[in-house]
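Take a look at the structure below.
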Amino acid sequence: MPSTSVEIIMTKTSSGEKWDVSVKAVEIVNASKVPLARVTLSLYGMSGITGSTGMIMFPDIPVGTHQITATKDGYDPVSYTLPLPPN
């Protein structure tokens, strides 16, 4: 089975106490990253399904170490440790 991979973009919220986390699900095809739609991503008790761009946003995630998981029918599930540092 192929596997998904994720690219993570973290942005501090305006208060500086939490993070907005954007996640892009991709598949590596011939050394290129191809966005994957319909990937279920879960982080901090929230989950969502990516659209055609492979992107999803998780707002206001607190500082700490969290697990992010990606699942899609026909693909191996993946899980990553996501450290969100304080200021």
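Work out from phi, with θ = phi - 60° and the Karplus expression 6.51 cos²θ - 1.76 cosθ + 1.60, the ³J(HN,Hα) of each residue of segment 45-51, listed in order in whole Hz, and give x for Gly and Pro.
Running phi through 6.51 cos²θ - 1.76 cosθ + 1.60 with θ = phi - 60° gives x, 10, 8, x, 10, 5, x Hz.
In a Gaussian network model over the chain where Cα atoms closer than 10 Å are linked, find which of D20, D76, D60 has the largest mean-square fluctuation.
D76
Hull surface divided by four, with the convex hull built on the Cα atoms of the chain: how many nm²?
5.7
Going by how many other beta carbons lie within 10 Å of each one, how would you line up T71, T13, T50, fewest first?
Lowest to highest Cβ neighbour count: T13, T71, T50.
FYI, it's all coordinate maths here, none of it is from the lab. Owing to the predicted nature of the structure, the values given are computational and were not obtained by experimental measurement. Neighbour counts are summed over all protein chains in view; Cβ atoms, including those assigned to glycine, are modelled from backbone coordinates with ideal geometry.
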